[in-house]
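Encoded as C-alpha cells, the structure appears first; notes follow it.
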DNA sequence: TCGATTTTGAGAACGCGTTCACAAACTCTT
DNA sequence: AAGAGTTTGTGAACGCGTTCTCAAAATCGA
C-alpha cells in the first residue's frame, strides 16, 4: 500500500520558518515514537496511534505536525517512514552534531559515555577541563584538552554546541570561553545562570530544581493527608 | 479536589493552595538568588534587584511571590532572609528529602555524587541496581542494593522520591517497582515515557532532547546565514 | 457511481501564563 | 506635617498553546 505524499507543497509557500517552541520540544519525542513503530514493522499509523506512543493528545500531535506541512493522508493516516524522515530533516537530525563537553567531573564523564546521544545524531567530539590532573587523561576514548585550546578545537572540528558540566561558580567563565570560541548553542547543567550575547542560545537543565519541584508536590500530598481532617 | 488549608493570617482569602506550576518551577531559582544575596550580606532587595539576580522579569517575580502571600513592604522591598525562609517553607526545603536512585551506571553514579543536591535539601539515601556485579559494591559511600529490596528500603528510610537512571527499556519496570514500593514522585532520566497510576508525579529529563532542540535552532541559524541576506 | 466510514488539517474557543499599568502603602526630606 | 519619591501587589490586557470541533479528502463496499 503506497501512501501518497499528497502532492508537493506550494513552491513559494511560506518558508514556514518559526515553528512554535513548544512544538519543537515535542518533535524529538515524535521521532522516537516513530522509530519505535518502525522497529515494530508498522508502516502506517493514525494520529491516535502515534499520539498514544508519544504520550500526547492526538489533536496536539496533528496541530504540531501541521506546522511542518501536510504529511498525512486523510482517511489513512501517516506513512511512518516518510513522516520520520520529514521530522528528522526539520530538526536537523539528518546530520550529526558534534558537541564539546566542558568539565569532566562526575556529570561530564557520565555525559561523555551516554549511550542515548549517538542514536540521535549527537556525537561527543571533545572534552575540556581546567584541572591539570584531568587534562591529558582519556575519558570514554577521548583525550581531555585544556580550556585554552577550546577555540582551536571548536574551529577544527566545526563544533556548534557546547555543554557546561562544571560547578556553578565556573559556569560564566566557561560560557564566555565557549562564546569566544564561536559556540552559538549551550546546554548548561551548572546550577547558575549564564549571560550570553544575542544570537547565542542557552538551555538550562537543573537537576536540583527538578527534585525540588517534586518535593513541593510531595509535601503538598502529605499536607492534604494530615491537614484535611482539620 | 480543592484543598482548604486555613492560613494563619488570611481571614477570608481564597484557599491560597494551588500555586501555578510555572511559579513552582521558579521558586527554587528565587531561593538560590536570595541565598546569593545573603552571602553578599544584602539584607533588603527590591523586586528589580531580585529579578535581575534570578534572570526574570520583575513583574513576573512579584506576581509569583504574590501567590505565596504579601511578604514585601511597599516603598522598601523584601527582607532577604525572611523571604528566603518563606519560600523555603513553601517548597518544603526546611526539611531534607531522601531519594533513591535506581540504576548506577554512569549517570546514576554521577547523580549519587552530585554536590548540588545536599545544599538544596536533597539527600541520596539509597542506590539500587539489577546487575549482580554492581549489587554490594559501594558508590559515593553507599552500598548498592538489589531491586528486590527496594520496597523494604523505601519503607525503612521513608523515601518519597525515586530517580530512574537506567536505559530506556528498563524504565517502565523500574517505575512499576518504585510505585509498588510506595514512591509517589519520580524523576525519570531514561529516554522512555513511563505510565504510572494517578497520584504519582513523574518529571522527565531527556538529555538527548535538550541537545536536539539546540540543534534545531542551530540549523536554523545556519539556514538564515546562507539563505537570508538580511 | 454513490453513500458510509475514517482521518487529517485547521478555524475557533478556551485557558494559562506573562506583561502592562496603576493605586496603595511605605520612606525620606524639608 | 506634607509632598516627593519608591516599590509592592493586583486587576486588566495580551499572547501563546491546548483543546474542541467539523468540513474536506481519502478509502471501501455495494
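Coordinate-derived values only; no laboratory data. Note that this is a predicted model, so its numbers are computed, not measured. Reconstructed Cβ throughout: ideal geometry from the backbone, glycine too, with neighbour counts over all protein chains shown.
Can you list the copy-to-copy distances for residue B:55, using a point 7 angstrom from Cα toward Cβ, in nanometres, shortest first?
2.5
Dividing the convex hull volume of the alpha carbon atoms of chain A by its residue count, what do you get in Å³ per residue?
It is 201 Å³ per residue.
Counting other beta carbons within 10 Å of each residue's own, what order do A:76, A:24, B:99 fall into, fewest first?
Taking fewest neighbouring Cβ atoms as first place, the list is A:76, A:24, B:99.
Could you run the Debye sum over the Cα atoms of region B:102-183, one equal point scatterer each and no solvent, and tell me log10 of I(q)/I(0) at q = 0.26 Å⁻¹, two decimals?
At q = 0.26 Å⁻¹ the computed log10 ratios are -1.48.
When only C-alpha pairs under 8 Å and at least 6 residues apart count, what is the relative contact order of region A:126-230, in percent?
Relative contact order here is 18 percent.
Between helix A:80-90 and chain A, what is the angle of the helix's C-alpha long axis to the longest principal axis, kept within 0 to 90° and rounded to the nearest 10?
Its long axis makes an angle of about 40 degrees.
Among A:176, A:49, A:64, which comes first, second and so on when ranked by fewest other beta-carbon atoms within 10 Å?
A:176, A:49, A:64
Using only Cα atoms, what is the ratio of the radius of gyration of region B:16-127 to 2.2 N^0.38 Å?
Ratio of Rg to 2.2 N^0.38 Å for region B:16-127: 1.21.
Return a whole-number percent for the relative contact order of chain B, with Cα pairs under 8 Å and 6 or more residues apart as the contact set.
12 percent
If you line up the long axis of helix A:207-227 against the longest principal axis of chain A, both from Cα atoms, how many degrees apart are they, to the nearest 10?
With both axes taken from Cα atoms, the answer is about 70 degrees.
Which percent of Cα pairs goes in each bin when the distances of region A:75-147 are cut into 10 angstrom slices starting at zero?
Percent of Cα pairs in each bin: 18, 38, 21, 14, 7, 2, 0.
For the protein assembly as shown, what class follows from the C-alpha gyration tensor (a ≥ b ≥ c being the square roots of its eigenvalues): rounded when a/c is under 1.5, otherwise prolate if a/b is larger than b/c, else oblate?
Taking the square roots of the gyration eigenvalues as a ≥ b ≥ c, the protein assembly as shown is rounded.
Using only Cα atoms, locate the centre of region B:68-82 and the centre of region A:89-144, then give the distance between them in Å, rounded to an integer.
A separation of 44 Å, based on Cα centres.
From the helices alone, meaning DSSP H stretches of at least four residues, give me the mean residue ellipticity at 222 nm for chain B, per-run term -39500 (n - 2.57), in deg cm²/dmol to the nearest 500.
-12500 deg cm²/dmol
Considering the Cα positions of region B:115-230, please state its Rg to one decimal place and its Dmax as a whole number of Å.
Values for region B:115-230 (Cα only, Rg and Dmax): 18.9, 65 Å.
When you look at the Cβ of every residue in B:20-27, what mean number of other chain Cβ atoms sits within 10 Å?
That average works out to 3.
Could you work out how far helix A:171-180 tilts from the main Cα principal axis of chain A, as a 0 to 90 degree angle to the nearest 10?
70 degrees
How would A:189, B:117 line up from fewest to most surrounding beta-carbon atoms within 10 angstrom?
Exposure proxy ranking, most exposed first: B:117, A:189.
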